[in-house]
Amino acid sequence: MIRLLERLGVPRVLMLGFLAVAIFMTGDGFELTFLSKFMVDQGFTSSQASLLVTVYGLFAAAGGWSAGMLAEMFGARRVMMFGACWWIGIHLLFLGVAIPSRIYPLILGLYALRGIGYPLFIYSFVVLMAQCISPSRLASATGFFWTCFSLGIGVFGAYLPSFIMPVFGEYRTFWFALPFSIVGTIMCFLFVPKNKVVKGEGLSRKEQLKELAEGATILVTNRKILICAIIRIINNLLLYGFPVIMPLYLCTTHNGGINIFKTEEWMRIWGFVFVVTLIFNTFWGWFMDRFGWVWPMRWFGCAVLAVGSVAFYYIPQWFGANALMMIVASIIVGIGTCAFSSLPTIMTLYAGEGKQGAALSAYNLAAGLTTFAGPGVATILLPVIGYGGVCWTYAALYVLAFVLTLFIRPRQPGFDEHGHRIAKAKNGTAPQDDAVPAVNTVSEESIGVGVAAAEAV
């Protein structure tokens, strides 16, 4: 097993760090599939339930944007430990004080603050990966990182609560997240090494703030990167929007819900999305490098997710409580969600020399904003147009992303300006295109600044 991981580009010194990420994210994902239903059961409105997740996503976006820069400036392990301890402390206040009080502003505020913690933990680790792993093997290792992420937040984070909740109830199930988060934190402290480079040691406070801000200002100065960022935000709308509205639609009669599944059945159905991502996170990266970056994103990402958006609404209408058909819809969503893995590389190429780090920070910011936009759409529109209208709105946004992909035409190595593969020479190698920078020429320092060098799920 160790040799297999080393072939994937994972050095032995970081292996237990990957495991720490999977364990910590299991705790973070515990309430994702049933929090909105729990809030409605406590007497809050569906809009208040979705607003809770929306504001959480906004704070997570801030954490994701700043994590890469902070890890470079102050050390990855230090920022990881801060993020983990922050998460655990706020989670204790959320469960022990906010929820029993039933005071919505207190619940909203503490849950939002907790959202800062997990991006600091996971994205700081990717900075460490960029410093410890050769750029030629970083993409494979990053794919394995997202597999660990999905395994934690999506697979164990969905399936374990589905078995715990029927026995202990929803509120007590929240508490089961703590052992996983604590174990992940301890493993980080014991087994994650320190940065090889701490960039902030030679910078003034003003220079540090300038470095941090550049990941947002590039969205204003570079239109192509802005387009890519919008596509990235749309990418995961379902991944964070459906856990808010689908438990209400499928498991309650609230706001026109059809109440045909138990909550734990819905959790197991949704878990298939992440089971699929365990395979397709790696597959799409391999496929796009060989057959093109943009057209698979357009057709297998945007178009497939537009279909998946409405499938989740109409399949229960047409087939009733048919779990198998709902699993098919989950598989569709999982396949489409992973088909955006070329975006980080495209953004670094459009950024130009010396701006790759800012481009990747912008990518992280967009990845965080999707956790805000997904439930945000539901918060605004659910009371007005209902579940079906929200699903069609998601589908329309994926059509928008489909159109936006027509405006990005990066010069991919091995392909001509029209996106066609350059024929191999007789010696079996493709002609060199001097106008196209190689994908792996981004420096370790640039990759580390922001980063997610593969698609996040």
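The values are calculated or read from the model by the stated rules, or taken from the named source; none is laboratory data. All values reported here derive from a predicted model rather than from experimental measurement. Backbone-built Cβ (ideal geometry, glycine too); neighbour counts: all protein chains shown. SASA here: full protein model, heavy atoms, side chains in, ligands and nucleic acids out. Shrake-Rupley method; radii C 1.70, N 1.55, O 1.52, S 1.80 Å.
Quick notes
- Count of residues meeting criterion [open to solvent by 20 Å² or more (accessible area, probe 1.4 Å) and modelled with pLDDT of 80 or more] in region 352-373: 4
- Qualifying residue in region 312-320 (condition: within 21 Å of Glu31 (Cα to Cα), in contact with a helix residue (DSSP H, G or I) (Cβ under 8 Å, 6 or more places away or on another chain) and of a type in the set (Val, Ile, Thr)): no
- If the condition is being in a helix (DSSP H, G or I) and of a type in the set (D, E, K, R), then region 13-68 contributes Asp28, Lys37, Asp41.
- Among the conditions (1) surrounded by 16 or more Cβ atoms within 10 Å (Cβ to Cβ); (2) hydroxyl-bearing (Ser, Thr, Tyr); (3) farther than 20 Å from Trp293 by Cα, the only one that Tyr314 does not satisfy is (1).
- Residues satisfying the stated conditions in region 268-293, i.e. farther than 30 Å from Ile385 by Cα, buried (at least 21 other Cβ atoms within 10 Å of the Cβ) and hydrophobic (A, V, I, L, M, F, W, C): Val276, Phe280, Trp284, Met288, Trp293
- Test: residue in region 61-80 that is surrounded by 23 or more Cβ atoms within 10 Å (Cβ to Cβ) and modelled with pLDDT of 90 or more: yes
- Per the listing Tyr104, Tyr118, Tyr123, the residue uniquely open to solvent by 10 Å² or more (accessible area, probe 1.4 Å) and touching an Asp or Glu at 6+ places or on another chain (Cβ under 8 Å) is Tyr118.
- Filter result for Ser330 (hydroxyl-bearing (Ser, Thr, Tyr), more than 27 Å from Ala67 (Cα to Cα), touching a residue at least 40 places away in the same chain (Cβ under 8 Å) and open to solvent by less than 10 Å² (accessible area, probe 1.4 Å)): yes
- Only one of the numbered conditions (1) free of Cβ contacts under 8 Å to residues at least 40 places away in the same chain; (2) surrounded by 23 or more Cβ atoms within 10 Å (Cβ to Cβ) is not met by Ile346, and that is (1).
- Listed by first and then second residue, the pairs with beta-carbon distance under 7 Å, at least 6 apart or on different chains, first residue in region 250-268 and in contact (Cβ under 8 Å) with a residue 60 or more places away in the chain and within 18 Å of Pro383 (Cβ to Cβ), second β-branched (Val, Ile, Thr) and buried (at least 18 other Cβ atoms within 10 Å of the Cβ), are Thr252/Val40; His254/Val40.
- Test for Val192: is it open to solvent by 30 Å² or more (accessible area, probe 1.4 Å), modelled with pLDDT of 80 or more, farther than 29 Å from Phe272 by Cβ and over 20 Å from the mean Cα position of the chain (by Cα): no
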